[in-house]
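Undergrad: Let me begin by handing over the structure; questions about it come next.
The values are calculated or read from the model by the stated rules, or taken from the named source; none is laboratory data. Please read these numbers as outputs of a predicted model, since none were measured by experiment. Positions of Cβ are backbone-derived with ideal geometry, glycine not excepted, and every protein chain shown enters the neighbour counts. Just the protein is used for accessible areas: all its heavy atoms, side chains included, with ligands, DNA and RNA removed. Shrake-Rupley method; radii C 1.70, N 1.55, O 1.52, S 1.80 Å.
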Amino acid sequence: MNRFALTAILLLSLFSSLAWADTAPRSMITELFHSQIDAIASEDYAQFMDHADANFRQAISQDQFDTLSASLSPRLADGYQSEYLGALNQDGFNVHLWKMTPSSSDSDHLVKMAMRENEIAGFWIQ
């Protein structure tokens with residue numbers, strides 16, 4: 001086998017293993033993601049804060065949550081599809097990314113859930 005072919009095979013092997021790395025989150029992370037989205041859909045502030053760390057609890061008031069939930073819950077009433085995109089390590093946080101598409105919409109949303117020590121430290125929907 002010539003050097004070019006061997007190099008190509010090695011690079012293909014490396015890139016394919018990287019592409020499959022971290023393609024599925026731990027089940028706890030998936031459950032937390034769905035719990036957060038379900039809390040928004042059902043306008044349940046207590047459920048939304050159930051696994052939040054102290055800083056996140058202080059940062060998001062009931063009124064802020066109610067505003068967010070009132071705008072998103074009608075779009076989530078018919079359900080949603082989600083696809084895990086991967087995780088990032090950012091400043092001590094493990095940030096999980098999803099693509100979420102409400103059933104009643106053609107628009108996708110990027111959802112970020114920051115975790116630290118098995119607690120939710122941030123949750124953003126863009």
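Undergrad: How do GLU119, GLU31 rank by accessible surface area computed with a 1.4 Å probe, from largest to smallest?
TA: GLU31, GLU119
Undergrad: Sticking with this one: Let me make sure I get this right: for segment 71-110, a, b and c are the square roots of the gyration tensor eigenvalues over alpha carbons, sorted descending. Under 1.5 in a/c it's rounded, otherwise prolate if a/b > b/c, else oblate. Which is it?
TA: Prolate is the answer for segment 71-110, as a/c is 1.5 or above and a/b outweighs b/c.
Undergrad: To the nearest 0.05, how large is the calculated FRET efficiency for LEU68 and SER27 if R₀ is 35 Å and r is the Cβ-Cβ distance?
TA: Efficiency, rounded to the nearest 0.05: 0.85.
Undergrad: Roughly how much of LEU88 is accessible, in Å² to the nearest 10, using a 1.4 Å probe?
TA: 70 Å²
Undergrad: Right, another one. Take the alpha carbon gyration tensor of segment 56-126, find the square roots of its eigenvalues, order them as a ≥ b ≥ c, and report rounded if a/c is under 1.5; if not, report prolate when a/b exceeds b/c, else oblate.
TA: oblate
Undergrad: Which whole-number value in Å² is the accessible area per residue of segment 56-126, probe 1.4 Å?
TA: Working: 4210 Å² over 71 residues.
Dividing the accessible area of segment 56-126 by its residue count gives 59 Å².
Undergrad: So who's got an amide H within less than 5 Å of the one on ASP50, skipping anything under 5 residues away but keeping other chains? H placed 1.01 Å off N, in plane.
TA: Hits under the 5 Å cutoff: none.
Undergrad: From largest accessible area down, sort ASP91, ASP78, ASP53; use a 1.4 Å probe on the protein chains. Mind dumping the intermediate values first?
TA: Numbers: ASP91 145, ASP78 115, ASP53 20 Å².
Greatest to least solvent exposure: ASP91, ASP78, ASP53.
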